[in-house]
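To start, the structure under review is shown below, and the notes come after it.
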Amino acid sequence: MIRLWFFGTPTLAAAVLDDIVAHSQFEVVFVVTNPDKPFGRDQVMKPSPVKESALAHNISVLQPQKIRWNTEFLDTIRSYNCDYFIVVAYGKILPLELLEIPTKMCINIHGSILPAYRGASPIQESLLSGDSETGVTIMQMSEWMDEGDVLKIRTIPIDTWETSGTLFEKFAQVSWPTLLDALLELEHGGITPLPQDHAQATYCKKIEKENGLVDWSKSAKEIYHMWQAYTPWPGIFTHYEGKRLLLETTNYELWITNTGEVWQVTRLEDGRIGVVCSEWVLTLEQVKLEWKKSQNIKDFVNGNQGFICSNLYTTYPWV
């Protein structure tokens, strides 16, 4: 029996945890996840998906506010004899003193083909960049962010209509088989960790809610890639009549010649509604005005007669 500690927080990590628990060769001794957070208008404390999964499998859970210099937490982990730590989107940087605890190795599942897109949002970054493929990397963790030796890589194709939501699903499906292959090969001495080429490294940052604000001076293609990356969260949005307008479904047309000012709403010859960008036109299909219900664009225009030929804000209207 291979004994594991599991570190993770979101739904993606919970899916991997479920797969590990279902395999007869592994025992998950403990799970470490982020503390419960207030959720919704009533601010009810909500556990992470990983905590919910762990409790459903009767696995004990630790939720430290911090790890570094947390002697009690580290002593607790040291008291258990574990072969591997498995880390999937945990959300905290693990210090070297923690990485040295497992008897064999600390392993991270990363959502890109390293050394590309080291950091907190690799799946979204691949969509922002318009990549045709990404992948999952199983890596040996080091004290530096995503710089450890590579154990296994599996590529994932990116479809034209891909969003971060659908790409996370693909990542969840691929992560466990790739991790399983790496663990079994490690157990039988059939894998050699390969150092990354640090000179080729690229980086990505944690996504904030306001990253979804559309800059209409970009091309329609760039904004469409934003829609891909930020769907379902945080979504891309602009402002109309002082309210936030969420652009729930969009597309872009390369063949349309711009016939208005940048950021102006226009009706195309075939009746579709679009916004003029620095290059080409971003077409709108489904939108949601702040405090209103989601609507297809034709219904929205029927209820907002001034929308056609209006200008949408590149920055906040009050700036």
(message) Once R0 is set to 22 Å, what does the formula 1/(1 + (r/R0)^6) return for the Cβ-Cβ distance between Thr192 and Glu133, expressed as a FRET efficiency to the nearest 0.05?
(response) 0.35
(message) I need the helices of the chain that pass two filters: whole DSSP H segments spanning 24 Å or more by Cα along the axis, and mean Kyte-Doolittle score no lower than 0.0.
(response) 164-187
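Taking other Cβ within 10 Å of each residue's Cβ, how do Lys218, Lys293 sort, fewest first?
Lys293, Lys218
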(request) Could you tally the net charge around Met1, taking each other residue with its Cβ under 15 Å from the Cβ of Met1, Lys/Arg +1 and Asp/Glu -1? (result) -1
(request) Find which of Pro102, Thr134, Ala54 sits farthest along the positive direction of the dipole of the range 2-204, computed with +1 on the beta-carbon of Lys and Arg, -1 on that of Asp and Glu, about the Cα centre. (result) Ala54
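Only loop residues by DSSP count here, and only those with at most 14 other Cβ atoms within 10 Å; note down the trypsin sites (Lys or Arg not before Pro) in the range 114-163 that meet that. Could the numbers behind the result be given before it?
Working: sites: Arg118, Lys152, Arg154; in loops: none.
Here no loop site has a sparse enough neighbourhood.
Which value at 222 nm does the chain reach when only helices count, each DSSP H run of 4 or more adding -39,500 (n - 2.57), with the total divided by all residues and rounded to the nearest 500 deg cm²/dmol?
Details: 8 runs with 80 residues, N = 319.
So the calculated ellipticity at 222 nm is -7500 deg cm²/dmol.
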(request) Place a +1 charge on the Cβ of each Lys and Arg in the range 2-204 and a -1 charge on the Cβ of each Asp and Glu, then give the dipole magnitude about the Cα centre in debye, rounded to the nearest 20. (result) 520
(request) Mind checking the full-extension length gain between Met1 and Thr249? Use 0.36 nm per residue of separation minus the Cα-Cα distance, one decimal, nm. (result) 84.5 nm
(message) Taking Cα extents along the principal axes in Å straight from the coordinates, which label in [x] 85, 42, 41; [y] 67, 44, 34; [z] 66, 52, 41 is the correct one?
(response) [y]
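Over the range 209-303, what is the mean sequence separation of C-alpha contacts under 8 Å (at least six apart), divided by residue count, expressed as relative contact order in percent?
Details: 185 pairs, mean separation 26.2, N = 95.
Relative contact order for the range 209-303 comes out at 28 percent.
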(request) Just need the relative contact order of the chain here, percent rounded to a whole number, with Cα pairs under 8 Å and 6+ apart. (result) 12
(request) Let me know the longest stretch in the chain that avoids all chymotrypsin sites (Phe, Trp or Tyr not before Pro) found in a DSSP loop with at most 13 other C-beta atoms within 10 Å. (result) 162-254
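Highest first, please rank the peptides 281-289, 127-135, 186-194 by the mean number of other Cβ atoms sitting within 10 Å of their residues.
Values: 281-289: 20.6, 127-135: 17.0, 186-194: 12.4.
Ranking the peptides 281-289, 127-135, 186-194 by packing returns 281-289, 127-135, 186-194.
When DSSP assigns beta bridges and you keep just the ones with both residues in the range 209-303, what percent turn out antiparallel, to the nearest 5? Walk me through the intermediate numbers first.
Details: 22 of 23 bridges.
About 95 percent, rounded to the nearest 5.
Report, for the chain, the % of DSSP beta bridges that are antiparallel, rounded to 5. Walk me through the intermediate numbers first.
Working: 38 of 59 bridges.
Close to 65 percent.
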(request) Holding the Cα-Cα limit at 25 Å, pick out from Lys92/Lys243; Lys104/Lys152; Lys46/Lys206; Lys37/Lys66; Lys209/Lys243 the pairs that are longer than that. (result) Lys92/Lys243
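Could you compute the net charge surrounding Trp263? Neighbours are other residues with a C-beta less than 11 Å from the C-beta of Trp263; K and R count +1, D and E count -1. Kindly include the intermediate steps, with their values, before the conclusion.
Details: positive: Lys218; negative: Asp215, Glu261.
Residues close to Trp263 contribute a combined charge of -1.
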(request) Please tell me the relative contact order of the range 1-104 in percent, rounded to the nearest whole number, where contacts are Cα pairs under 8 Å and at least six residues apart. (result) 35
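Looking at the range 43-124, which GluC sites (Glu not before Pro) are in a loop (DSSP not H, G, I, E or B) and have at most 14 other Cβ atoms within 10 Å?
Details: sites: Glu52, Glu72, Glu97, Glu100; in loops: Glu100.
Those that pass, being in a loop and sparsely packed, are Glu100.
None of the figures in this text is laboratory data; all of them are computed from the coordinates on show. What you see is a predicted model, and the numbers here were worked out from it, not measured in a lab. Every residue, glycine as well, gets a Cβ built from its backbone with ideal geometry; the counts of neighbours run over all protein chains shown.
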